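The structure under discussion appears below in the form of structure tokens.
Just so it is clear, none of the values below were taken in a lab; they were calculated from the coordinates. What you are looking at is a predicted structure, and each value in this text was computed from that prediction instead of being measured. Please note: Cβ atoms are built from the backbone with ideal geometry, for glycine as well, and neighbour counts cover all protein chains shown.
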Amino acid sequence: MNRNGVSRVVLVLVLAALLAAGGWFYKMRAARTVAAAESSQTTGSKPGIEARAPGVTVASEVEFSANDLYTLAPQGLTRSIPLTGTLRPVNQTVVKTKVQGELRELTVREGTSVRRGQLLGRIDLTEYEVRVKEREAQLKSATSQVDQTLRTLENTRQLQEKNFVSQSALDASRSGWEVAVGNRDAAAAQLTLARKSLADAVLVAPIDGVVAERFAQPGEKLPIDGRVLSIVDLSKMEIEAPVPAAEIGSVKIGQSVDLRIEGVSARQIGQIVRIAPTTQAGTRSVPVYIALDNRDPSVRAGLFAQGVLAIERRNGVLAIPSGAVRDAGARTFVYAIEGDKLIERDIKLGLRDETGADGSRIEVVSGLNAGDRIVATNLGSLRAGSTVRVVSPAAGPKPVGASPAGAAVTPQTSMQR
């Protein structure tokens with residue numbers, strides 16, 4: 001065989017070896033891909049999670065505290081309207097000066113309780129006392145003038161009857177007497193005004209209440225109608241609260257309102273006393289007015305109040321906590337426990353009750369029955385079909401893989417035989 005023939009044989013052998021090696025590599029790679037797929041289907045493993053040996057399955061287990069669950073039972077529900085507003089006194093006033101002058105005395109300060117007619121302060125009385133004495137003197141002089149003209153009139157009448165004086169002289173005497181009477185009456189009116197000004201220089205409380213603010217200090221020169229004090233009566237309070245126009249037909253005068261007032265621990269009971277005849281511009285709500293007979297000294301004007309007006313009561317209905325309701329697009333459902341499995345149960349809701357001490361509750365019209373157990377609060381996204389295990393509150397859920405709000409989800413393996 002010559003040299004060219006040997007070269008061809010070697011080239012053929014090398015190509016055959018390369019083809020054989022490539023076929024073996026491709027076959028091994030395909031075998032590993034198939035094995036990995038089978039292992040993934042058998043164990044349910046995901047990327048980033050260690051695959052288990054063939055023949056092993058993984059099931060989810062969810063642990064709940066007994067406080068996380070709620071068992072349905074018939075109960076009573078109340079449909080209500082929430083109301084909010086600010087407390088304001090029904091009776092309040094500003095004490096103003098009726099005469100001008102220097103404020104000489106002010107006996108009360110903010111927070112002082114006062115009674116109607118109680119002395120609050122004084123304007124300088126000197127000018128008004130002098131004016132009263134002047135008017136008294138003028139009245140005394142005018143009264144003397146009336147007496148004098150009356151005697152003159154009587155004497156002139158007697159003389160005219162004896163024809164010693166003419167009729168015109170009698171008329172002149174009568175006119176003088178009438179002028180004197182008019183002057184006397186004017187002086188009496190001036191004296192009344194002077195005495196009123198003297199009385200107005202003394203400031204008294206017009207209502208029972210508490211001093212809210214002082215606007216002036218002793219020594220200040222005050223004009224007529226100058227502000228001195230504001231007084232509020234806290235025994236009768238009022239709240240203006242807006243009600244949606246769609247609900248105003250259910251509101252009636254005389255209905256009771258359960259009130260919670262900011263900073264006041266005890267609940268208060270108010271009453272609807274007035275309903276506005278028109279809606280408020282922009283909000284389309286109708287103001288209602290709630291009266292509160294206040295006997296609690298901690299209730300003050302300006303505090304924020306939240307109220308609940310009950311307008312409908314239903315008994316023997318099934319209801320669940322509002323936190324148990326889950327919305328997913330057009331679906332409304334809850335997580336329920338059936339046997340030892342967690343399932344999703346579609347429900348239809350009805351009346352909402354905001355008056356419960358333990359929070360808001362919603363009527364279940366369909367989808368659940370009495371005795372059903374559901375997850376009472378929003379614990380995040382849960383996996384339907386998981387096995388449920390209820391632990392005592394003292395023990396608590398396992399810390400392994402704990403999900404939000406105390407529910408624990410742990411993988412549990414079981415060997416297939």
Long-range amide H contacts for Ile207: which residues qualify at under 5 Å (H placed 1.01 Å from N, peptide plane, sequence gap of 5 or more or a different chain)?
Gly117
Karplus-derived 3J(HN,Hα), 6.51/-1.76/1.60, for each residue of region 172-188, Hz, glycine and proline x
5, 5, 5, 5, x, 5, 5, 5, 5, 4, x, 4, 5, 5, 5, 5, 5
Which aspartates and glutamates, on any chain, are close to Lys98 with Cα under 12 Å apart, when same-chain ones fewer than 8 places away are left out?
Asp200, Asp225
Just to compare against my own numbers: the Cα pair-distance distribution for region 150-292, 5 Å bins, whole % per bin, please.
2, 7, 9, 8, 8, 7, 7, 7, 6, 6, 5, 5, 4, 4, 4, 4, 3, 2, 1, 0
With a cut-off of 8 Å between alpha carbons and a minimum separation of six or more residues, what is the relative contact order of region 177-256 in percent?
23 percent
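Counting Lys and Arg as +1 and Asp and Glu as -1, what is the net charge of the other residues whose Cβ lies under 15 Å from the Cβ of Leu292? Could you put the intermediate results ahead of the total?
Values: positive: Arg88, Lys236, Arg260, Arg267, Arg274, Arg295, Arg300; negative: Asp233, Glu238, Glu240, Asp258, Glu262, Asp293, Asp296.
After counting each charged neighbour, the total is 0.
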Determine ³J(HN,Hα), in whole Hz, for all residues of region 200-213 in sequence, where each value follows from phi through the Karplus function 6.51 cos²θ - 1.76 cosθ + 1.60 and θ = phi - 60°; x replaces Gly and Pro.
5, 6, 9, 8, 10, 6, x, 9, 6, x, 10, 5, 8, 7
On the principal axes of its Cα set, how long, how wide and how thick is region 153-233? Give whole Å, largest value first.
77, 26, 14
First select every other residue whose beta carbon is under 15 angstrom from the beta carbon of Ile239; then total the charges, Lys and Arg +1, Asp and Glu -1.
0
Arranged from highest to lowest average of other beta-carbon atoms within 10 Å per residue, in what order do the peptides 78-84, 160-166 appear?
78-84, 160-166
